[in-house]
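Enquirer: Sending over a structure as structure tokens; questions will come in a sec.
The values are calculated or read from the model by the stated rules, or taken from the named source; none is laboratory data. The model shown is predicted, which means the values in this text are computed figures rather than measured ones. Here the Cβ is made from the backbone with ideal geometry for all residues, glycine too, and neighbour counts use every protein chain on show.
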Amino acid sequence: MSAPGSAADGRSRDASRVTEIIHAVHEGVQFGPVVQTPLVMPLISSPAMLCEYEFPPAGTGDEARRELDDWVGALFSRYRKNGQVWGPVVTGWVDGTLRATFHVPSPDALDDKHQSKGVATALQKVTGLCKADPSWRVVGEDDSASAGVGDAKALFLKTDMFSDTSPVYEGSEGTPVPLFQLPIDWHARENLQSWMRRVQLHDELWINSGRLEGAAYVELSDPASMLAAEGRELARNLEETSGIATYYFLKHYWGRREADQLDVCPSCKAPWAAEPLGTGTQGIDSFAYRCDTCRILSEHATATSQD
Ligand SMILES: [Zn+2]
């Protein structure tokens with residue numbers, strides 16, 4: 001469990017940042033480039049543990065270093081797809097050893113038992129390119145938020161361009177669940193990660209692309225769009241496998257007119273659920289709208305017009 005309010009505070013910071021950017025973009029404000037000092041680890045939006053992995057190369061030449069660099073990149077890409085690593089990975093050569101700094105959601109995140117096929121293959125290749133077994137250690141405080149799914153009554157799928165953890169949240173506390181802790185196979189975990197990346201790309205197009213903004217918004221907000229259909233199918237499969245009700249978050253930014261309060265589910269047209277689920281204010285009950293039949297969650301429109 002996270003410290004009270006920590007994960008939710010992170011998300012509300014994200015939400016206010018999204019709103020700030022949306023308003024700024026619509027008002028024509030230009031953002032400057034993001035400047036990042038090399039090897040300084042950016043903070044991620046949820047509690048996690050800072051780790052360091054060392055890869056001592058077997059070969060000494062530039063070619064050997066490049067090959068190790070490439071395979072370590074592949075290894076972390078696969079760790080991330082499997083939910084074992086959260087957020088960005090910073091790598092660099094220190095005293096002849098390739099070092100990677102990154103976050104994991106829990107102390108056991110890199111255990112062999114959580115490996116996907118892709119992780120196992122890449123790790124085997126990387127180990128073969130090292131003169132000693134690569135090793136990792138926690139270098140930061142144990143600030144892990146990983147609660148797993150435990151006896152969760154509900155889960156939900158949600159992400160945006162600022163998210164760097166998991167697209168699956170536990171419904172009571174609203175904390176992100178590491179994908180490797182879900183009772184699904186690695187293939188399903190990678191599908192969830194791919195869907196997360198596609199939502200993030202659409203979110204960025206919606207906020208930053210100008211001409212593609214409308215098309216991207218439809219994908220994010222229409223329950224029948226390809227993006228939503230894919231996400232809802234993933235949610236259904238997760239519910240089937242885990243036996244835990246799994247909802248899908250649908251964006252709702254634009255209200256067509258003041259009177260349109262999105263008072264029915266856009267999928268089945270039935271009224272939204274009137275009673276809270278009893279999750280408390282940080283989980284599913286923090287969403288303005290919920291349809292139990294369609295397993296959809298949504299929000300109040302931020303911008304409304306008279307059209
Ligand atoms: Zn519905």
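Enquirer: In region 296-306, is there at least one residue being over 16 Å from residue 174 (Cα atoms), within 9 Å of the ligand (Cβ to nearest atom) and modelled with pLDDT of 85 or more? Quick ask: steps written out before the conclusion?
Expert: The initial filter retains those residues of region 296-306 that are over 16 Å from residue 174 (Cα atoms), namely 300-306.
With within 9 Å of the ligand (Cβ to nearest atom) added as a condition, the list becomes none.
No: zero hits.
Enquirer: Would you say residue 235 is touching a strand residue (DSSP E or B) at 6+ places or on another chain (Cβ under 9 Å), without any contact (Cβ under 8 Å) to a residue 24 or more places away in the chain and within 16 Å of the ligand (Cβ to nearest atom)?
Expert: no
The rows are residues; the columns are (1) closer than 28 Å to residue 107 by Cα; (2) among the small types (Gly, Ala, Ser); (3) outside any helix (DSSP H, G or I).
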position: 162; (1), (2), (3): yes, no, yes
position: 184; (1), (2), (3): yes, no, yes
position: 192; (1), (2), (3): yes, no, no
position: 203; (1), (2), (3): no, no, no
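Enquirer: Got at least one residue in region 248-263 being at pLDDT 90 or above, under 17 Å from residue 170 (Cβ atoms) and touching a helix residue (DSSP H, G or I) at 6+ places or on another chain (Cβ under 8 Å)?
Expert: Looking for residues that are at pLDDT 90 or above, under 17 Å from residue 170 (Cβ atoms) and touching a helix residue (DSSP H, G or I) at 6+ places or on another chain (Cβ under 8 Å), one finds at least one in region 248-263, hence yes.
Enquirer: What do you reckon, is residue 214 away from the ligand (no atom under 16 Å from the Cβ), surrounded by fewer than 18 Cβ atoms within 10 Å (Cβ to Cβ) and at pLDDT 90 or above? Please lay out each step first, then the result.
Expert: Numbers: away from the ligand (no atom under 16 Å from the Cβ): yes; surrounded by fewer than 18 Cβ atoms within 10 Å (Cβ to Cβ): yes; at pLDDT 90 or above: yes.
In short, yes.
Enquirer: Any residue at all in region 271-281 that is crowded, with 16+ Cβ neighbours inside 10 Å, without any contact (Cβ under 8 Å) to a residue 60 or more places away in the chain, among the aromatic types (Phe, Trp, Tyr) and within 16 Å of the ligand (Cβ to nearest atom)?
Expert: Yes: one or more hits.
Enquirer: Additional query: Do we have residue 163 as within 9 Å of the chain's Cα centre (by Cα), outside the structural domain of residue 81 (by TED's automatic domain parsing) and surrounded by fewer than 24 Cβ atoms within 10 Å (Cβ to Cβ) here?
Expert: Numbers: within 9 Å of the chain's Cα centre (by Cα): yes; outside the structural domain of residue 81 (by TED's automatic domain parsing): yes; surrounded by fewer than 24 Cβ atoms within 10 Å (Cβ to Cβ): yes.
Yes: the conditions hold for residue 163.
Enquirer: Would you confirm, using the coordinates I've provided, whether residue 289 is within 13 Å of the ligand (Cβ to nearest atom), under 15 Å from residue 153 (Cβ atoms) and crowded, with 18+ Cβ neighbours inside 10 Å?
Expert: Details: within 13 Å of the ligand (Cβ to nearest atom): yes; under 15 Å from residue 153 (Cβ atoms): no; crowded, with 18+ Cβ neighbours inside 10 Å: yes.
Criteria not met by residue 289.
Enquirer: Here's something else I'd like to know. Within region 61-74, is even one residue at pLDDT 55 or above and part of a loop (DSSP other than H, G, I, E, B)?
Expert: So far as region 61-74 goes, yes, one or more of its residues are at pLDDT 55 or above and part of a loop (DSSP other than H, G, I, E, B).
Enquirer: Which residues, counting only those in region 139-161, are of a type outside the set (D, E, K, R) and at pLDDT 90 or above?
Expert: 154, 155, 156, 157, 159, 161
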